[in-house]
Amino acid sequence: MERYTPYWPENLFIIGADASINLKIKSTYQIAKAISRLGETSGSDQSLKQVFSDTSDQVIEAIHQFIKILKGETPDQSDYSPKRINELRVIYDWDALMQILTRCPKDKHQIIHIEDAYNLIDMHLQTGHGFSGNKENPIRPERMIAARNLLNLLTVLFHSTSYQNMLRDHKNILDQYTEFTEVLALLMQQEGLMRANEQTAFDDRAFYLFSYSVLSMNWDPIFLWLIFNAHKKVNQAPPLYW
């Protein structure tokens, strides 16, 4: 059996927490604060305007109508069929998540920690037990999955709106981050040509893995997304020859 020889990149990029703060991407705490607010008010019109204050009225209205569907209310307007509405209510359980949030520990500002919500859900899923947040309406195990789906959806939704706002209001700052990742991608392309000239085998880890790795302590994946797009751009550009 061929002996496994690990390849350790020569360089390490450490992306610290809040590295994307200048891009106005919501932090973990900000998302937790927004979800806590939705839990306190059960997604009222006022709370939606507060937590999505930097989002257009059109987007807020679309989110409002969607949440009304999940809460079992009749939306003012909807392109969904009755069948699809029922499916959405099964996939994303609003009531279950709201009950779970009431049982999560809160800090002195009455803000939950997102990891506590996930831990509470995951522990019940692993044991196959339901949740007795409300004695009149206990949560069966299968509803825990739908509550987790909704927590994922809300987290992604906040990231998505932050990303759209960033493209609209902070494009000049984003360009600085983008330029860095594109320069990095070009360096890796040149590195690949150099190693090919050195007769490094194409199936060798030293050839197809970059000479850098990324250690990210940042909540949002914006840097990884920019690196991916930069390499995609370089790969689709005319090839370089040395």
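The values are calculated or read from the model by the stated rules, or taken from the named source; none is laboratory data. Predicted model, so just to flag it, every value in this text is computed and none were measured. Cβ placement follows ideal geometry from the backbone for every residue including glycine, while neighbour counts extend to all protein chains displayed.
Quick notes on this structure:
- Among the residues of region 1-56, those that are polar (S, T, N, Q) and within 24 Å of S216 (Cβ to Cβ) comprise N11, S20, N22, S27, T28, Q30.
- For region 209-242, a tally of residues being of a type in the set (S, T, Y) and either on the phi > 0 side of the Ramachandran plot or in contact with a Phe, Trp or Tyr (Cβ under 7 Å, 6 or more places away or on another chain) (or both) returns 2.
- Hey, I85 surrounded by 14 or more Cβ atoms within 10 Å (Cβ to Cβ) and either over 21 Å from A62 (Cβ atoms) or not assigned by TED's automatic domain parsing to the domain that holds F158 (or both) or not: no
- Selection status of Y80, in the same structural domain as D116 (by TED's automatic domain parsing), in contact (Cβ under 8 Å) with a residue 40 or more places away in the chain and farther than 30 Å from T181 by Cβ: no
- Helices (runs of 4 or more DSSP H) fully within region 151-242 that include at least 3 residues being without any contact (Cβ under 8 Å) to a residue 12 or more places away in the chain: 171-197, 222-236.
- For L184: the one exception among (1) modelled with pLDDT of 95 or more; (2) not assigned by TED's automatic domain parsing to the domain that holds S36: (1)
- Filtered residues of region 103-132 (kept if assigned to a loop (DSSP other than H, G, I, E, B), closer than 20 Å to W219 by Cα and touching a residue at least 24 places away in the same chain (Cβ under 8 Å)): I111, H113
- When residues of region 148-193 are limited to those that are out of contact with any helix residue (DSSP H, G or I) (no Cβ under 8 Å at 6 or more places or on another chain) and basic (K, R), the one nearest to S42 (Cα to Cα): R168
- Some residue of region 33-42 being surrounded by 16 or more Cβ atoms within 10 Å (Cβ to Cβ), modelled with pLDDT under 85 and not in a helix (DSSP H, G or I): no
- From the list I114, I139, I100, the lone residue that is in the same structural domain as L38 (by TED's automatic domain parsing), within 19 Å of I31 (Cα to Cα) and in contact with a Phe, Trp or Tyr (Cβ under 7 Å, 6 or more places away or on another chain) is I100.
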